[in-house]
1. If we keep just the residues of segment 106-139 that are surrounded by fewer than 15 Cβ atoms within 10 Å (Cβ to Cβ) and of a type in the set (Gly, Ala, Ser), which is nearest to ALA164 (Cα to Cα)?
2. State yes or no: is CYS52 farther than 21 Å from LEU155 by Cβ, touching a Gly at 6+ places or on another chain (Cβ under 6 Å), in contact (Cβ under 8 Å) with a residue 60 or more places away in the chain and of a type outside the set (S, T, N, Q)?
3. Which residue pairs have Cβ atoms closer than 8 Å, lie 6 or more positions apart in sequence or on different chains, and pair a first residue in segment 57-73 that is assigned by TED's automatic domain parsing to the domain that holds LEU22 with a second residue that is charged (D, E, K, R) and part of a strand (DSSP E or B)?
4. Which pairs have Cβ atoms under 7 Å, sit 6 or more apart or on different chains, and link a residue in segment 142-162 that is under 12 Å from ASP100 (Cβ atoms) and in contact (Cβ under 8 Å) with a residue 40 or more places away in the chain to one that is assigned to a loop (DSSP other than H, G, I, E, B) and hydrophobic (A, V, I, L, M, F, W, C)?
5. Only one of (1) surrounded by fewer than 19 Cβ atoms within 10 Å (Cβ to Cβ); (2) over 14 Å from GLY112 (Cα atoms) fails for GLY61. Which number is that?
6. Just wondering, is there one or more residues in segment 22-30 that are assigned by TED's automatic domain parsing to the domain that holds CYS141, surrounded by 15 or more Cβ atoms within 10 Å (Cβ to Cβ) and either over 19 Å from SER137 (Cβ atoms) or among the aliphatic types (A, V, I, L, M) (or both)?
7. Restricting segment 85-105 to residues that are within 24 Å of SER51 (Cβ to Cβ) and either out of contact with any Leu (no Cβ under 7 Å at 6 or more places or on another chain) or aliphatic (A, V, I, L, M) (or both), which is surrounded by the fewest Cβ atoms within 10 Å (Cβ to Cβ)?
Amino acid sequence: MMTEKFSKQLITLRVNGELRELAVPPNKLLLDALREDLGLTGSKRGCDDSSCGACAVLADGVPILACAALAVSYQDCELTTVEGIGGPGHLHPVQSGWADAGGSQCGYCSPGFLISTKALLDRNPNPSLEEIREALSSNLCRCTGYMQIYESVKLAIERARALAPAAAEAR
């Protein structure tokens, strides 16, 4: 009797605030589950050795490299992909700052940078340039000299600060 090398198991992932059920083999990478099974293609496979950061997603608010994480290991986490940080008509300050300051050239690395920037600003809404550089050090861009990326983060900080009083009044 021949059996499959890896039988699939039913898992539930909480992605961008929604519970999603999928059947995956135990060795399926989180990046592949997000892209292939859930159709969330924002996170990119850039290097296949977890050195570029293009695949970054948030797990309970902490950036992780989805190309080096098993999907079955993240069932008890809140996962946020780049699709979950804002969207048309309600861009997150990180997204609008990135777009308006020209943070990307080809855009391939952008999802990872956006995820890392969001995590940074969630834990430190007013980081120094050194703190920005450190937070983004796991992300590689092959097109820019990084100055536009840092300017994008600074613009995101300004926009988030401007939104803070309005958010406080709405409560």
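The values are calculated or read from the model by the stated rules, or taken from the named source; none is laboratory data. Please read these numbers as outputs of a predicted model, since none were measured by experiment. Note that each Cβ is placed from the backbone with ideal geometry, even for glycine, and that neighbours are counted across all protein chains shown.
1. Result: SER128.
2. Yes: the conditions hold for CYS52.
3. Going by the 8 Å Cβ cut-off, the qualifying pairs are LEU58/GLU78; ALA59/GLU78; ASP60/GLU78; GLY61/GLU78.
4. GLN148/ALA101; GLU151/ALA101; SER152/ALA101; LEU155/ALA101
5. For GLY61, the exception is condition (2).
6. The answer is no; no qualifying residue exists.
7. It comes out as GLN105.
For (1) in contact with a Pro (Cβ under 6 Å, 6 or more places away or on another chain); (2) farther than 22 Å from LEU34 by Cα; (3) part of a loop (DSSP other than H, G, I, E, B); (4) not hydrophobic (A, V, I, L, M, F, W, C), each residue gets a yes or a no:
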{"residue": "SER73", "(1), (2), (3), (4)": "no, no, no, yes"}
{"residue": "TYR108", "(1), (2), (3), (4)": "no, no, yes, yes"}
{"residue": "ALA119", "(1), (2), (3), (4)": "yes, no, no, no"}
{"residue": "ILE132", "(1), (2), (3), (4)": "no, yes, no, no"}
{"residue": "GLY145", "(1), (2), (3), (4)": "no, yes, yes, yes"}
{"residue": "GLU151", "(1), (2), (3), (4)": "no, yes, no, yes"}
{"residue": "LYS154", "(1), (2), (3), (4)": "no, yes, no, yes"}
